[in-house]
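Peer 1: Before anything else, here's the structure in question.
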Amino acid sequence: MSRELTEQELHNLAMNIVGRQLEADGFEFMAINSKPRKNPQYVCLKEKTLHFIVVRNVVFPDDPRDFDDALMQKVKSHADKFEAKTYFAGVGLSNASDQNLPVLLNEEYIVEYQGLIEI
């Protein structure tokens, strides 16, 4: 029986996609916050530099590279106090059989993720 993924499940899926990429790229996780509205989602260390990363699940047909500039500036000003770099990670998730349908549990989906966008 398939059902639509909840907002939290979609967010967790986006977090996992970004987290795997960060791990593969050698980032060390200092803090992880999986609540969608608590920013940043990841605080990581790489090459002795802190990185604040905001993760968002983006629903088709919205562009996963578009972000809320006011929110990102707020996170950046917080990151600056720690001499940290700030990034946005938008993950587009859509149903594989019809992108206009919701993503369903245990069904195939399409990921559109092009990596971190530095703010």
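The values are calculated or read from the model by the stated rules, or taken from the named source; none is laboratory data. Predicted model, so just to flag it, every value in this text is computed and none were measured. So basically every Cβ, Gly included, is an ideal-geometry build from the backbone, and we count neighbours across all protein chains shown.
Peer 1: Go through region 23-34 and give me each residue that's exposed (fewer than 14 other Cβ atoms within 10 Å of the Cβ) and without any contact (Cβ under 8 Å) to a residue 12 or more places away in the chain.
Peer 2: Glu23, Ala24 - these are the residues of region 23-34 that are exposed (fewer than 14 other Cβ atoms within 10 Å of the Cβ) and without any contact (Cβ under 8 Å) to a residue 12 or more places away in the chain.
Peer 1: Among the residues that make up region 61-78, is at least one of them buried (at least 17 other Cβ atoms within 10 Å of the Cβ) and of a type in the set (Gly, Ala, Ser)?
Peer 2: No, region 61-78 has no match at all.
Peer 1: Could you pull out every one of the strands (runs of 3 or more DSSP E) wholly within region 1-68 that has 3 or more residues that are under 12 Å from Val91 (Cα atoms)?
Peer 2: In region 1-68, the matching strands (runs of 3 or more DSSP E) lie at 49-59.
Peer 1: Can you name the number of the only condition in (1) modelled with pLDDT of 95 or more; (2) closer than 25 Å to Ser2 by Cα; (3) within 14 Å of the chain's Cα centre (by Cα) that Val43 fails?
Peer 2: Val43 satisfies every listed condition except (2).
Peer 1: If you don't mind, there's one more thing I want to ask. Somewhere in region 107-117, is a residue part of a loop (DSSP other than H, G, I, E, B), touching a helix residue (DSSP H, G or I) at 6+ places or on another chain (Cβ under 7 Å) and surrounded by 14 or more Cβ atoms within 10 Å (Cβ to Cβ)?
Peer 2: Scanning region 107-117 turns up at least one residue that is part of a loop (DSSP other than H, G, I, E, B), touching a helix residue (DSSP H, G or I) at 6+ places or on another chain (Cβ under 7 Å) and surrounded by 14 or more Cβ atoms within 10 Å (Cβ to Cβ).
Peer 1: Could you please find all residues in region 36-48 being basic (Lys, Arg) and touching a residue at least 12 places away in the same chain (Cβ under 8 Å)?
Peer 2: Lys46
Peer 1: Moving to a separate point now. Of all residues in region 38-69, which are under 16 Å from Asp25 (Cα atoms) and either of a type outside the set (Ser, Thr, Tyr) or in contact with a His (Cβ under 9 Å, 6 or more places away or on another chain) (or both)?
Peer 2: Listed by number, the residues that qualify are Tyr42, Val43, Cys44, Leu45, Lys46, Glu47, Lys48, Leu50, His51, Phe52, Ile53.
Peer 1: If you don't mind, there's one more thing I want to ask. Out of Glu28, Glu107, which single residue is at pLDDT 95 or above and charged (D, E, K, R)?
Peer 2: Step by step, each of Glu28, Glu107 is checked, and only Glu28 is at pLDDT 95 or above and charged (D, E, K, R).
Peer 1: I would also like to ask the following. Quick check on my filter: what residues within region 74-104 are part of a loop (DSSP other than H, G, I, E, B), closer than 23 Å to Gln21 by Cβ and either at pLDDT below 95 or in contact with a helix residue (DSSP H, G or I) (Cβ under 8 Å, 6 or more places away or on another chain) (or both)?
Peer 2: Once the filter is applied, which keeps residues that are part of a loop (DSSP other than H, G, I, E, B), closer than 23 Å to Gln21 by Cβ and either at pLDDT below 95 or in contact with a helix residue (DSSP H, G or I) (Cβ under 8 Å, 6 or more places away or on another chain) (or both), region 74-104 yields Gln99, Val103.
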